[in-house]
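What follows is a short report on a single structure.
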Amino acid sequence: MFKENLIEAAKIFGCDFSEEQLRQFEIFYRMTIEYNKKINLTAITEPKDFAVKHIIDSLAVYDEKFFAGAKKIIDVGTGAGFPGIPLKIFLPDVEIFLLDSLAKRTDFLKSVVAELNLKNVVCVHGRAEDFARQKDFREMFDVATARAVAGLNVLSEYCLPFVKVGGFFAALKGKKFREEISDAQTAVKTLGGGKISFAEKKLPGLPDVRAVIYIAKEKPTPKKFPRKAGTPPKNPL
């Protein structure tokens, strides 16, 4: 049922998958459901819901205008691999880093990467505030993505330090995205971000409005950011 649900949802959304991609998505779904019995990965387990709310929603972040030429992407707070794993399946030639603070989740993702034989995927266990200060990670990515529940002002501090000047931070957001954009103006400017644009998204069969917010990285992030772990949510910029 999952494969049929995904094909139908993709057709409505306007994307097309190869047979190999469909096979990979189905294995990813089955592995997530199986691992979910041991560790809490997702509350969304029904085939149709998973296809729409996880796979299609993850791919909603993709816009050729922002991803064209991107060779290196980091998915910050990837959780069970969203949007990182669907993006990797959809864009097999891109190098993707999957960053999460919980070792059990990155261990799961390593199993997925091995099972699907995905190349150029790095699963990283740790906090964004720590890795964004390391020279191998700081301002080394063309695109940073996030589908986390934190406000855009907090996510910007987590993600913009990873993005090189000329790149983008792409955040998947819910119906209050306009309020979040308004609240994040100071943070974005402080962290080296520039133009903020957004694209509203309608997922197949769902009434609610969602959006992807794209923030251009125009200047280097000041060295004092991100602040130490735990500070951004407690004292947002």
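Of Pro236, Pro220, which residue is farther than 24 Å from Phe97 by Cβ, touching a residue at least 60 places away in the same chain (Cβ under 8 Å) and open to solvent by 10 Å² or more (accessible area, probe 1.4 Å)? Give the steps one after another, and end with the answer.
Values: Pro220 fails: farther than 24 Å from Phe97 by Cβ.
Criteria check complete, one pass: Pro236.
Are any residues in segment 87-97 open to solvent by less than 10 Å² (accessible area, probe 1.4 Å) and over 14 Å from Leu172 (Cα atoms), and if so, which ones?
First, pick out the residues of segment 87-97 that are open to solvent by less than 10 Å² (accessible area, probe 1.4 Å): 87-89, 96.
The answer is Lys88, Ile89, Ile96.
When you check Lys65 against the structure, is it among the basic types (Lys, Arg), at negative phi, in contact (Cβ under 8 Å) with a residue 12 or more places away in the chain and not in a strand (DSSP E or B), yes or no?
Numbers: among the basic types (Lys, Arg): yes; at negative phi: yes; in contact (Cβ under 8 Å) with a residue 12 or more places away in the chain: no; not in a strand (DSSP E or B): yes.
No.
Which of the residues that make up segment 119-145 are within 17 Å of the chain's Cα centre (by Cα) and either free of Cβ contacts under 8 Å to residues at least 40 places away in the same chain or more than 22 Å from Arg227 (Cβ to Cβ) (or both)?
If the condition is that a residue be within 17 Å of the chain's Cα centre (by Cα) and either free of Cβ contacts under 8 Å to residues at least 40 places away in the same chain or more than 22 Å from Arg227 (Cβ to Cβ) (or both), then Asn120, Val121, Val122, Cys123, Val124, His125, Gly126, Phe131, Asp142, Val143 are the ones that fit.
Would you check if Glu157 is acidic (Asp, Glu), open to solvent by 30 Å² or more (accessible area, probe 1.4 Å) and at pLDDT 95 or above? Break it down stepwise before answering.
Values: acidic (Asp, Glu): yes; open to solvent by 30 Å² or more (accessible area, probe 1.4 Å): no; at pLDDT 95 or above: yes.
Spelling it out, it is not the case that Glu157 is acidic (Asp, Glu), open to solvent by 30 Å² or more (accessible area, probe 1.4 Å) and at pLDDT 95 or above.
Report whether or not Ala187 is surrounded by 15 or more Cβ atoms within 10 Å (Cβ to Cβ) and assigned to a helix (DSSP H, G or I). Steps first, please.
Working: surrounded by 15 or more Cβ atoms within 10 Å (Cβ to Cβ): yes; assigned to a helix (DSSP H, G or I): yes.
Yes, satisfied.
Output the residues belonging to segment 1-59 that are open to solvent by 70 Å² or more (accessible area, probe 1.4 Å), assigned to a helix (DSSP H, G or I) and of a type outside the set (Val, Ile, Thr).
Glu4, Glu8, Lys11, Glu19, Glu20, Arg23, Arg30, Glu34, Lys48
Can you name the number of the only condition in (1) open to solvent by 10 Å² or more (accessible area, probe 1.4 Å); (2) within 26 Å of Ser156 (Cα to Cα); (3) modelled with pLDDT of 95 or more that Ala68 fails?
For Ala68, the failing item is (3).
Determine which single condition Phe169 fails, assuming it passes every other condition in (1) open to solvent by less than 10 Å² (accessible area, probe 1.4 Å); (2) aromatic (Phe, Trp, Tyr); (3) out of contact with any Leu (no Cβ under 7 Å at 6 or more places or on another chain); (4) more than 18 Å from Lys223 (Cβ to Cβ).
Of everything listed in (1) open to solvent by less than 10 Å² (accessible area, probe 1.4 Å); (2) aromatic (Phe, Trp, Tyr); (3) out of contact with any Leu (no Cβ under 7 Å at 6 or more places or on another chain); (4) more than 18 Å from Lys223 (Cβ to Cβ), Phe169 misses just condition (3).
The values are calculated or read from the model by the stated rules, or taken from the named source; none is laboratory data. Since we're looking at a predicted model, the values are computed, not measured. Ideal geometry is used to build each Cβ from the backbone, glycine not excepted, and the neighbour counts take in all protein chains shown. What goes into the accessible areas is simple: the full protein's heavy atoms, side chains included, and nothing from ligands, DNA or RNA. Shrake-Rupley method; radii C 1.70, N 1.55, O 1.52, S 1.80 Å.
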